[in-house]
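Everything below concerns the one structure shown next.
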Amino acid sequence: MSPLLEVRDIGKTYGSVIALRDVSTVVNAGEVTCVLGDNGAGKSTLIKILAGVHQHDRGEFLVEDTPVKFASPREALDHGIATVYQDLAVVPLMSVWRNFFLGSEPTIGFGPFKALDRRKGRETTKQALSDMGIDLRDVEQPVGTLSGGERQCVAIARAVYFGAKVLILDEPTAALGVKQAGVVLKYVAQARDRGLGVVLITHNPHHAFPVADRFLLLKRGAPLGSYEKKDIDINELTRQMAGGAELEALEHELRQVEKTP
Ligand SMILES: Nc1ncnc2c1ncn2[C@@H]1O[C@H](COP(=O)(O)OP(=O)(O)OP(=O)(O)O)[C@@H](O)[C@H]1O
Ligand SMILES: [Mg+2]
């Protein structure tokens, strides 16, 4: 089966800044591709290309074997690529269910008699959330009252409900506590098990490792390594991310500090 998404030696410059170069990876249905890297590594640049926010200027981007260059996020969405950004484009005072539909609310009647079908909206949202195992007491409550983790979960359920083939998550667990991060990762795994291809961006190897099938490590815009899960363990992944030898030197230094009274 061909991958849902594939990038081959992709690159992007902003003026004189090389934000990304020679990056290759695949996203398969029912799998999680995890993009790891420190600040400024090029993670957001990569997903912005996949999401149609920016265009690559080198290499190839293929969607189900067809080379593409999206002119807008709308175009990416039309290809079934849904992106959940860290700051989540939600309207905090609007209810959970209105945010769930945002722009595609169900209506009742037609022409000048068309009105928002609130009952259907509420029920559909509740059902879609419960299908993902998310139990929200009240979908009428403002989205602003949800925790960061709950908002991420609603956004994931929304992408699944609207039929996304690929789900891109930019650091969904960055601002979350241990327990909430665990819950979000559970829904990432659920989206994967429903057959979506997931791109998970994080700088935490402990969040990446349990759910990912492959890892793409970036450093200053360039690939640092690309691994299938079977070829790497959590310790090695952490070591690679921290820059291997650099980390050992740092640990050594810290031990010296501890020793000094
Ligand atoms: N719109 C832009 N114009 C100019 N330079 C940019 C732009 N966006 C990103 N860059 C530069 O490209 C490089 C990669 O940035 P990117 O945002 O992709 O990193 P990141 O891995 O997402 O980092 P973080 O973990 O901090 O979010 C950085 O050096 C950044 O300064
Ligand atoms: Mg980023």
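The values are calculated or read from the model by the stated rules, or taken from the named source; none is laboratory data. Nothing here was measured: the structure is a model prediction, and the numbers come from that model. FYI the Cβ positions are ideal-geometry reconstructions off the backbone, even for glycines, and counts take in every protein chain you see.
Selection of helices (runs of 4 or more DSSP H) fully inside segment 38-114 by the criterion of at least 1 residues being at pLDDT 95 or above and within 16 Å of ligand 2 (Cβ to nearest atom) returns 43-50.
Residues in segment 195-236 that are touching a strand residue (DSSP E or B) at 6+ places or on another chain (Cβ under 8 Å) and among the β-branched types (Val, Ile, Thr): Val198, Val199, Ile201, Thr202, Val211, Ile232.
Taking the conditions exactly as written (at negative phi, away from ligand 2 (no atom under 16 Å from the Cβ) and within 20 Å of the chain's Cα centre (by Cα)), does Ser24 satisfy them or not? The answer is yes for Ser24. Name the single residue that is farthest from ligand 2 (Cβ to nearest atom) among those in segment 205-220 being at pLDDT below 90 and over 25 Å from Gly11 (Cα atoms). So, considering only residues that are at pLDDT below 90 and over 25 Å from Gly11 (Cα atoms), the one farthest from ligand 2 (Cβ to nearest atom) is His206. Restricted to segment 29-69, and to residues there that are surrounded by fewer than 18 Cβ atoms within 10 Å (Cβ to Cβ) and of a type in the set (S, T, N, Q), the residue that is nearest to Met1 (Cα to Cα) is Thr66.
If we keep just the residues of segment 14-27 that are of a type in the set (Val, Ile, Thr) and near ligand 1 (Cβ under 9 Å from one of its atoms), which is nearest to Ala222 (Cα to Cα)? Step by step, filter segment 14-27, then rank; the result is Ile18. Does segment 126-147 contain any residue that is in a helix (DSSP H, G or I) and within 18 Å of the chain's Cα centre (by Cα)? For segment 126-147, residues in a helix (DSSP H, G or I) and within 18 Å of the chain's Cα centre (by Cα): absent.
Among the residues of segment 12-21, how many are in a strand (DSSP E or B) and surrounded by fewer than 20 Cβ atoms within 10 Å (Cβ to Cβ)?
Total satisfying the criteria: 5.
If we keep just the residues of segment 206-230 that are basic (Lys, Arg) and within 12 Å of ligand 1 (Cβ to nearest atom), which is nearest to Thr173 (Cα to Cα)?
The extreme case among them is Lys219.
Contact map, segment 28-47: residues that are within 18 Å of Gly221 (Cβ to Cβ) and free of Cβ contacts under 8 Å to residues at least 12 places away in the same chain paired with residues that are within 9 Å of ligand 2 (Cβ to nearest atom) and hydroxyl-bearing (Ser, Thr, Tyr), Cβ distance under 7 Å, separation 6+ or inter-chain. No pairs are found. Taking the stated definitions as given, is Ile156 in contact (Cβ under 8 Å) with a residue 40 or more places away in the chain, more than 16 Å from ligand 2 (Cβ to nearest atom) and of a type outside the set (S, T, N, Q)? Taking the combined requirement at face value, the residue satisfies it.
Scanning segment 188-212 for residues being of a type outside the set (Gly, Ala, Ser) and either free of Cβ contacts under 8 Å to residues at least 12 places away in the same chain or under 18 Å from Ile81 (Cβ atoms) (or both) gives a total of 8. For residues that are touching a residue at least 24 places away in the same chain (Cβ under 8 Å) and aromatic (Phe, Trp, Tyr), scanning just segment 52-102, find the one that is farthest from Arg21 (Cα to Cα). Taking the candidates together, the pick is Trp97. Mind listing whichever residues of segment 108-125 are among the basic types (Lys, Arg) and more than 34 Å from the chain's Cα centre (by Cα)? Once the filter is applied, which keeps residues that are among the basic types (Lys, Arg) and more than 34 Å from the chain's Cα centre (by Cα), segment 108-125 yields only Lys114. Output the number of the condition that Asp9 fails; it satisfies all remaining conditions of (1) part of a strand (DSSP E or B); (2) surrounded by 15 or more Cβ atoms within 10 Å (Cβ to Cβ). Failing condition for Asp9: (2). Selection of segment 170-204 for residues being within 16 Å of ligand 2 (Cβ to nearest atom), outside any loop (DSSP other than H, G, I, E, B) and among the acidic types (Asp, Glu) yields only Asp170.
None of Ala115, Ala157, Ala128 is hydrophobic (A, V, I, L, M, F, W, C) and touching a strand residue (DSSP E or B) at 6+ places or on another chain (Cβ under 8 Å) except Ala115.
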